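Taking it in order: structure first as structure tokens, then the write-up.
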Amino acid sequence: MKWFKGIAVVLLLAVLTACGNTESKAPVEKTEKIEVKDATGDTIKLSEAPTKIISLMPSNTEILFSLGLGDDVIGVSAYDDYPAETKKITKVVSTNVDTEKIISLKPDLVLGHESMLSSQKDAYQQLKDAGITVFVVPDATNLKDTEKTITTIGELTGTEKEATQVTTSMEDQKATIEKQAKELKTSPKVWIEISPDLYTAGKGTFMNEMLELAGGTNIVTESGFIPYNEEKVIQQNPAIILSVYPDAKSIISERSAWKDISAVKNDQIYEMDANKLSRPGPRLLEGAADIQAVLEN
């Protein structure tokens, strides 16, 4: 439980807090004189496209791989798990950023994240003092912001063409999902359960955005990731329950107070991939498609 809330809740809240093609691509043309403004307002300048990149956030890593830069990633966080290749990459951050290890790897670029600024500000400064280029990726709170982030990282790494391909693919997926959503007979009421103590995702979260895009209706009208009242869930009587933690279906099904909820009676409890529905990266639309498959079931 602590592990889940530490990763699936805190990270969701933080980066909120990644679909793209991860196959190897031909080497990208090196772009000179790169200048891109980061989340702190600083203009980051590079003489050429970086070839040794460290990512401090899983969403950044997924974006880099989708841009065909997987071979250039030399350091990632302990929470990186997609694509599979990330498991073999040196881990440089878990609870805190390991500045010594990062400095020893001599990266051309470190991709930080705005959501980490409050807790890792000193670490970022230590890296800068060591002469390492740190780019703080802006926090994305919706699909549009995510596509902008992909474009920004593309500009920073000299992969503008690849970034355009990724965002165009995302928009195509979105259009398909929106079309299919209009063909749904109803917009079923859905309860999203993030953890067994009834944390849920409300307005202003990726999970809610992907649910609504897919054609569902969230029973939660409040904003953000919040603890919810059990009686309110029962009263709302959701037709579908989406969960994002292990063994959720059995845990939810065993609640005696929930036996009359339609989703429980009709065995409409589904365990989803939390990362697809929370990481601001190219797999968000995969998450929406997964939800839509459930709604159409």
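Scanning region 143-161 for residues that are open to solvent by 50 Å² or more (accessible area, probe 1.4 Å) and of a type in the set (S, T, N, Q) yields a total of 1. Within region 81-108, restricting attention to residues that are part of a helix (DSSP H, G or I) and polar (S, T, N, Q), the residue that is surrounded by the fewest Cβ atoms within 10 Å (Cβ to Cβ) is SER104.
When you look at THR164, is it open to solvent by less than 60 Å² (accessible area, probe 1.4 Å) and within 30 Å of PRO50 (Cβ to Cβ), yes or no? The answer is no for THR164.
There is at least one residue in region 279-296 that is more than 21 Å from the chain's Cα centre (by Cα) and not hydroxyl-bearing (Ser, Thr, Tyr). Restricting the first member to region 236-263 and to residues that are β-branched (Val, Ile, Thr), and the second to residues that are open to solvent by 10 Å² or more (accessible area, probe 1.4 Å) and part of a loop (DSSP other than H, G, I, E, B), the beta-carbon pairs closer than 7 Å and six or more apart or on different chains are ILE240/PRO188; ILE240/GLN268; ILE241/GLN268; VAL244/MET272; VAL244/ALA274; ILE251/PRO196; ILE261/ASN237.
Pairs linking a residue in region 161-181 that is farther than 17 Å from ASN142 by Cα to a residue that is modelled with pLDDT under 95 and among the basic types (Lys, Arg), with Cβ atoms under 9 Å and 6 or more positions apart or on different chains, are GLU162/LYS25. Suppose the filter is at pLDDT 95 or above, surrounded by 22 or more Cβ atoms within 10 Å (Cβ to Cβ), on the phi < 0 side of the Ramachandran plot and of a type in the set (D, E, K, R); does LYS276 pass it? Taking the combined requirement at face value, the residue satisfies it.
The values are calculated or read from the model by the stated rules, or taken from the named source; none is laboratory data. As the structure is a prediction and not an experimental result, all values here were calculated from the model. Every residue, glycine among them, receives a Cβ derived from its backbone with ideal geometry; neighbour counts consider all protein chains shown. Side chains included, ligands, DNA and RNA excluded: accessible areas come from the protein's heavy atoms. Shrake-Rupley method; radii C 1.70, N 1.55, O 1.52, S 1.80 Å.
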